[in-house]
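Asks: Dropping the structure in here first, questions after.
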Amino acid sequence: AVKRGDITHNPLARVEMGHEDNVRGVVISEIDFATLLAAADEPLKPILITAYDTGLRKATVLSLRWSEVDLRDRCLRLRTVDSATKKRPPAIPMTSRLHAALSALPRSTSGAVFVNPKKNRPWIQIQKMWDRARAAVGMEHVWFHDLRRSFITNARRRGVQESVIMRMSGHKTRNVFERYNVVDETDLRKAVAMI
């Protein structure tokens, strides 16, 4: 309105923005993940395993290419630049479960790891499969991005150093990392027990 000349100044210019607490605290346990995985359509299962076991974002998982998968050295060597961090992540070691899931997949002519078997093209949209899996186990509150948060939080709970987790997840700042690192009552009780 100011640019158009409708008003001379912004009446809200001096109003401070309120702080919105929009940090999600959903962390998927290994047991809940196994339940979700069992309910998932077959093409979705290796996608879920990749996201849960690496903490990669959905777009990065879906764009994964066979040229980035090193089954012999059991790691992912991403060549693409992460859109959020603007840099290439280091080699990401595979869990045994991820190695088995990727080893079982057929190679596509497109070079993509995750291919829609009906269209023989890389997956672009997996929302319907994701929604079916969540609904089947009553986990409609879970978002795909919660797999990333779960990887980070579960790694920390298992004793992985935070600096190592940040390197694996591509977080450059501690501030952003803390949005994914959920500390709850269970963590506090464990800390007291250790003390």
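Asks: Could you list, in their original order, any pairs among Lys58/Lys119; Lys45/Lys172; Lys118/Lys172; Lys128/Lys172; Lys58/Lys190 whose Cα atoms are separated by more than 28 Å? Write down the numbers at each step before the final one.
Replies: Details: Lys58/Lys119 20 Å; Lys45/Lys172 30 Å; Lys118/Lys172 39 Å; Lys128/Lys172 33 Å; Lys58/Lys190 31 Å.
In this structure, Lys45/Lys172; Lys118/Lys172; Lys128/Lys172; Lys58/Lys190 lie more than 28 Å apart at Cα.
Asks: Then there is this: So what is the accessible area of the chain per residue, in Å², with the probe set to 1.4 Å? Could the numbers behind the result be given before it?
Replies: Working: 12230 Å² over 195 residues.
Value returned for the chain: 63 Å² of accessible area per residue.
Asks: Determine the relative contact order of the chain: mean sequence separation of Cα pairs under 8 Å and six or more apart, normalised by residue count, in whole percent. Show your work: numbers first, answer last.
Replies: Details: 202 pairs, mean separation 52.1, N = 195.
About 27 percent, as a whole number.
Asks: Here is a follow-up. Which whole-number percentage describes the relative contact order of segment 11-81, with Cα contacts under 8 Å and a sequence gap of 6 or more? Mind showing how you got there, number by number?
Replies: On the way: 21 pairs, mean separation 9.3, N = 71.
About 13 percent, as a whole number.
Asks: For the chain, how big is Rg over Rh, using alpha carbon atoms and the Kirkwood form of Rh?
Replies: Values: Rg = 20.2 Å, Rh = 18.9 Å.
Rg divided by Rh gives 1.07.
Asks: Still on this structure, I have one more. Taking the Cα centre of segment 114-168 as origin, work out the dipole magnitude from +1 charges on Lys and Arg Cβ and -1 charges on Asp and Glu Cβ, in debye rounded to 20.
Replies: Details: 12 positive and 4 negative charges, 43 e Å.
So the magnitude is around 200 debye.
Asks: Starting from the Cα of Ser96, step 7 Å along the direction of its Cβ; do the same at Arg189; then give the gap between the two resulting points in nm.
Replies: Calculated label separation equals 2.9 nm.
Asks: Treating only the Cβ atoms of Lys and Arg (+1) and Asp and Glu (-1) as charged, compute the dipole magnitude of the chain about its Cα centre; round to the nearest 20 debye. Walk me through the intermediate numbers first.
Replies: Numbers: 34 positive and 21 negative charges, 177 e Å.
Roughly 860 debye for the chain.
Asks: Between the alpha-carbon centers of segment 150-195 and segment 8-80, tell me the distance in whole angstrom.
Replies: Centre-to-centre distance over Cα atoms comes out at 16 Å.
Asks: Right, here's the next one. Would you work out the relative contact order for segment 149-195, in percent, from Cα pairs under 8 angstrom that are 6 or more residues apart? Don't skip to the answer; put the middle values down first.
Replies: Details: 20 pairs, mean separation 21.5, N = 47.
Taking the mean separation of contacting Cα pairs over the length of segment 149-195, I get 46 percent.
Asks: Also: Picking from Leu98, Trp130, Val182, whose Cα lies most toward the positive end of the charge dipole for the chain (charges on Cβ: Lys, Arg +1; Asp, Glu -1)?
Replies: Highest projection toward the positive end goes to Leu98.
Asks: Okay, moving on. Rank-order 97-104, 49-56 by packing density, defined as the average count of other C-beta atoms within 10 Å over each peptide's residues, highest first.
Replies: On the way: 97-104: 15.6, 49-56: 24.2.
Ranking the peptides 97-104, 49-56 by packing returns 49-56, 97-104.
Asks: Rounded to the nearest 500, what is the 222 nm mean residue ellipticity of the chain from helices alone, with -39500 (n - 2.57) per DSSP H run of 4+ residues and division by all residues?
Replies: Using -39500 (n - 2.57) per qualifying helix, the result is -11500 deg cm²/dmol.
Asks: What longest range of the chain stays clear of loop-exposed GluC sites (Glu not before Pro) (DSSP non-H/G/I/E/B, at most 12 other C-beta within 10 angstrom)? If you can, show how the numbers build up before the last one.
Replies: Numbers: sites that count: Glu16, Glu20, Glu140.
The longest uninterrupted stretch comes out as 21-139.
The values are calculated or read from the model by the stated rules, or taken from the named source; none is laboratory data. Keep in mind that what you see is a predicted model, and the values were worked out from it rather than measured. Here Cβ is always computed from backbone atoms with ideal geometry, including for glycine, and neighbour counts include all displayed protein chains. Note: accessible area is taken over every heavy atom of the protein model, side chains too, but ligands, DNA and RNA are not part of it. Shrake-Rupley method; radii C 1.70, N 1.55, O 1.52, S 1.80 Å.
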